[in-house]
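One structure is given below, encoded as structure tokens.
Just so it is clear, none of the values below were taken in a lab; they were calculated from the coordinates. Computed from a prediction, not measured in an experiment: that's the story for all the values here. Counting neighbours? That spans all protein chains shown, and the Cβs are built from the backbone with ideal geometry, glycine included.
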């Protein structure tokens, strides 16, 4: 596995990808974020309903960026929640 904190494991198609964090997790389980077409549509829908007013309410670029990042991450975390997956000895990590 690479030394990156985040790794991507493709599953069957481009629209079904699993992200998982590879550190601070017990060996018998893994935290993943499932991504598929339905979840992506939910994410895009939430983005389209975001007003972004707080971002443009200031002239300070740093505050604008932090406001954008806060809003964006809230949507990311609500659309792609972390899930704990238990791994048995027969499970191949590449097939999650």
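Using the count of nearby Cβ atoms within 10 Å as a rough guide to exposure, how do 55, 40 rank from fewest to most?
Sorted ascending by nearby Cβ count, the order is 40, 55.
Among 50, 37, what is the fewest-to-most ranking by other Cβ atoms within 10 Å?
So the ranking, lowest neighbour count to highest, is 37, 50.
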